[in-house]
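Following: one structure in structure tokens, then a few remarks.
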Amino acid sequence: MGERKFNVAVAGATGAVGGAMLKVLERRDFPLNNLRLLASERSEGRKLKFRGEEVAVEVMRKDSFADIDIALFSAGASRSFEFAPAAAAAGAVVVDNSSAYRMDPEIPLVVPEVNPHAIAGYKKHGIIANPNCSTIQMLVALKPIYDKAGIKRIVVSTYQAVSGTGAAAIAELRRQAEDFAAGRTIKHEVYPHQILFNCLPHIDIFLDNGYTREEMKMVNETRKIFEDNGIGVTATTVRVPVFYGHSEAVNIETDRKISASGVKDLLASAPGVKVVDGPDLAQYPLAVDCEGKFETMVGRIREDESIANGINLWVVADNILKGAALNAVQIAEVLVEKYL
Ligand code: NAP
Ligand code: 3JM
């Protein structure tokens with residue numbers, strides 16, 4: 001990395017993802033000159049700690065991005081539609097965590113371990129989209145297999161943490177646990193049902209085809225990132241009472257035969273992956289072990305004995321880190337190393 005330092009804005013700095021962005025910028029020692037924290041009117045006057053200093057939160061406006069080099073957005077899709085073009089017009093490169101631009105064919109959709117070459121496409125509109133959390137960790141695990149054996153079809157079921165919904169949902173699960181322990185009635189506001197001791201097969205809204213939008217994000221984003229419209233993907237996405245860490249049961253059918261031990265060997269040296277697969281010692285990836293970690297953990301690697309070329313995997317990552325903040329900062333790192 002060169003000598004230059006960059007001006008960075010974090011849009012949605014007071015949120016679950018925005019807070020993690022600040023910690024990731026610190027942990028990875030990002031070459032930062034000036035940091036601007038943006039949120040809604042509700043947060044005006046708040047101060048957040050960064051590298052030991054207090055930084056005041058400002059209200060995001062269209063003119064908030066003068067002299068910003070990189071704007072990391074995590075303030076929701078409607079805010080991205082409203083403010084990301086203004087940030088790009090002011091000369092910032094936007095890395096957007098929302099679903100707003102992901103499927104726009106003129107906007108790159110990037111997981112640095114999977115398709116870093118696509119970052120170059122930011123030049124057209126000044127915006128790069130971060131994929132959905134569930135897509136990111138699945139493709140980090142599948143990319144080496146895709147390159148070696150080809151993948152025809154993916155069948156995935158997710159077990160997703162409440163932190164993916166944001167700060168209010170983390171508070172709701174905690175409150176339900178406290179109310180349960182105290183013998184009080186359990187109330188819900190964020191989710192349509194109680195999440196404590198429950199599994200909700202409902203993430204984002206339902207679409208006309210009976211799938212949720214979260215499920216279709218996994219289908220469409222996988223095709224775009226792998227640049228493979230022929231790959232079959234089908235998903236069931238489920239919210240579970242876990243604070244941090246999405247888990248996924250992933251079944252794949254490959255074009256060519258690959259053994260379970262072949263997959264283990266491939267993943268052992270794959271970027272961003274840690275193999276945790278010691279069934280004799282009850283070792284496998286767990287959400288609670290992934291909290292705060294940068295790696296995507298993969299275990300339970302075994303052959304699907306019901307078809308000729310099938311593999312089953314269990315894939316877990318910190319949804320707020322690799323699923324959002326870390327992936328965005330990794331994209332920013334490639335930008336400063338190669339393009340800015
Ligand atoms: P959150 O905890 O609810 O935080 C929302 C953030 O957006 C807060 O900082 C909030 O500021 C800010 N905000 C809301 N309305 C705003 C406005 N009108 N102007 C400026 N800022 C505004 O949610 P989160 O979990 O951090 O997620 C935020 C967004 O990131 C999501 O909506 C989603 O688009 C994206 N996300 C992506 C992934 C992924 O898979 N890549 C995962 C999670 C989230 P206040 O505190 O002032 O209200
Ligand atoms: C994760 O403003 C919104 O509707 C954002 C909702 C949201 C998204 C999204 O669609 O951007 C909440 C949590 C995501 C996501 O990563 O797709």
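Tabulated data
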{"item": "Of the criteria (1) closer than 17 Å to residue 7 by Cβ; (2) in contact with a helix residue (DSSP H, G or I) (Cβ under 9 Å, 6 or more places away or on another chain), which one residue 66 fails", "result": "(2)"}
{"item": "When residues of region 255-282 are limited to those that are within 26 Å of the chain's Cα centre (by Cα), part of a helix (DSSP H, G or I) and among the hydrophobic types (A, V, I, L, M, F, W, C), the one farthest from residue 231 (Cα to Cα)", "result": "268"}
{"item": "Count - residues of region 121-175 that are without any contact (Cβ under 8 Å) to a residue 60 or more places away in the chain, open to solvent by less than 10 Å² (accessible area, probe 1.4 Å), part of a helix (DSSP H, G or I) and not acidic (Asp, Glu)", "result": "1"}
{"item": "Members of region 273-297 that are charged (D, E, K, R) and either open to solvent by 50 Å² or more (accessible area, probe 1.4 Å) or out of contact with any Phe, Trp or Tyr (no Cβ under 9 Å at 6 or more places or on another chain) (or both)", "result": "274, 280, 289, 291, 293, 295"}
{"item": "Unmet criterion (only one of (1) under 17 Å from the mean Cα position of the chain (by Cα); (2) part of a strand (DSSP E or B); (3) of a type outside the set (A, V, I, L, M, F, W, C)) for residue 299", "result": "(1)"}
{"item": "Number of the exception - residue 203 against (1) within 14 Å of ligand 2 (Cβ to nearest atom); (2) free of Cβ contacts under 8 Å to residues at least 40 places away in the same chain", "result": "(2)"}
{"item": "Within region 1-50, considering residues that are away from ligand 1 (no atom under 16 Å from the Cβ) and modelled with pLDDT under 95, the one most open to solvent (accessible area, probe 1.4 Å)", "result": "3"}
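The values are calculated or read from the model by the stated rules, or taken from the named source; none is laboratory data. Computed from a predicted structure; not experimentally measured. Backbone-built Cβ (ideal geometry, glycine too); neighbour counts: all protein chains shown. Each accessible area value is taken on the protein alone, full model and side chains, heavy atoms only, with ligands, DNA and RNA left out. Shrake-Rupley method; radii C 1.70, N 1.55, O 1.52, S 1.80 Å.
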